Each structure stands twice: as structure tokens, then as C-alpha cells.
Amino acid sequence: MSQYKLVHCTINGKEVERLVDVRASLTDMLRNDFHLTSVKKGCEVGECGACNVLIDGEAFNSCIYLAVWADGKTIRTLEDLTGPNGELSDIQQAFIEETAIQCGFCTPGFIMTAVEILDSKKLYTRDELRKLLSGHLCRCTGYENILNAVEKTMKRRLGVPVE
């Protein structure tokens with residue numbers, strides 16, 4: 001078996017192909033080959049969520065997802081959320097409004113999980129949101145402001161009054 005495999009996938013709306021080492025993680029491919037630095041290398045064992053990306057609409061820890069598994073998949077990173085003139089998405093703006101960012105290392109992973117949550121178009125309780133976001137570690141914020149940002153964006157999108 002060859003040590004390298006050609007991977008065809010769509011990353012942030014662009015069809016790409018890359019010859020990758022079969023042992024490489026998706027994190028490594030996204031950072032090293034495509035310079036998508038929002039994908040952070042945190043724990044590298046799937047515990048912290050800093051490397052979260054969306055694969056076919058579902059949040060995954062890219063550090064424990066092999067690059068070869070991305071063949072035929074659609075991958076989204078934080079870089080895909082900004083508008084054509086660099087304007088922030090509603091969830092990114094909510095993170096700023098709610099002071100949900102401190103050092104910022106965990107932020108891209110949290111936001112990509114939030115995108116999956118928001119794309120479901122479901123109204124979750126605060127406890128349900130807390131559980132859905134529980135796959136992330138943050139050493140700075142205490143989580144409440146992150147939870148506030150996700151809840152605020154969810155309610156705005158669903159037309160539910162925001163307190």
C-alpha cells in the first residue's frame with residue numbers, strides 16, 4: 001500500500017485535490033497545505049475542540065480525522081464564514097458583542113460547532129446548548145459568554161425575542 005493518496009474534496013466552496021500522507025490528520029492538511037490557520041492544533045487527541053471543522057455539515061475534531069477520510073467530502077472552516085468584503089457572520093459578531101473571546105485560541109472551534117447547532121434551525125434550551133458545546137475547552141472565558149453568544153444568535157435567527 002502506498003504511503004500517499006490523492007484526496008479530492010471541497011474546502012470552503014473550492015474543489016481541491018492534494019496528495020496526502022495516509023497518516024496525516026485533516027488538521028495538518030488544512031493548516032499545512034491550504035494555510036487555513038483558524039484550524040488550531042490544541043490537544044491533538046480530540047479532547048479540546050480547537051480544531052473543529054464542519055465535514056458535510058457536521059462538526060468534527062479534525063485532529064483525529066485522517067485527511068484521506070475527507071475524500072469526496074465538503075469541509076468548512078472559520079475562513080468560510082466571512083463575507084466577500086471581510087464582514088463577519090452573525091455568530092462571529094455575537095461572540096464580539098457578548099465578549100465571548102479572550103485569548104481566541106478556542107474560538108474558531110466553538111464557532112464551527114455553533115454553526116452546526118444554528119444550521120439545525122432548532123430552538124434549544126440553555127442546558128441543551130451547554131451540552132452541545134461541551135466538547136470544547138476554554139481556559140479564559142468561563143463559558144457563559146460563549147453560551148450567551150450562541151443562544152443570542154439562535155434566537156435572532158429563529159425570530160425569538162432575545163432578553
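Comparing mean-square fluctuations of 139, 76, 18 from a GNM of the chain with C-alpha springs under 10 Å, the top value falls on 139.
Each part gets one Cα centre, and for region 90-153 versus region 14-38 those centres are 26 Å apart.
Springs between Cα atoms under 10 Å define the GNM used for the chain, and in it the highest mean-square fluctuation of 140, 48, 63 occurs at 140. For region 1-66, the orientation-averaged shadow of the C-alpha convex hull comes to 4.5 nm² (one quarter of the hull surface). Protein-only accessible surface at a 1.4 angstrom probe places the residues 17, 151 in the order 17, 151, largest first.
Look at the dipole of the chain built from charges on Cβ: of 91, 114, 29, the Cα furthest out on the positive end belongs to 114. Here is how the number arises for the chain: DSSP H runs of 4 or more residues each give -39500 (n - 2.57), the sum is divided by the residue count, and the result at 222 nm is -8000 deg cm²/dmol.
Taking every protein chain into account, the accessible area of region 1-133 amounts to 52 square angstrom per residue (probe 1.4 Å). What pairs in 121/155; 14/73; 41/122; 40/121 have C-alpha atoms more than 19 Å from each other? Distance filter (> 19 Å) returns 41/122; 40/121.
The values are calculated or read from the model by the stated rules, or taken from the named source; none is laboratory data. Here the structure is a predicted model, which is why all the values come from computation and not from measurement. Cβ: placed from backbone, ideal geometry, glycine included. Neighbour counts: every protein chain shown. Just the protein is used for accessible areas: all its heavy atoms, side chains included, with ligands, DNA and RNA removed. Shrake-Rupley method; radii C 1.70, N 1.55, O 1.52, S 1.80 Å.
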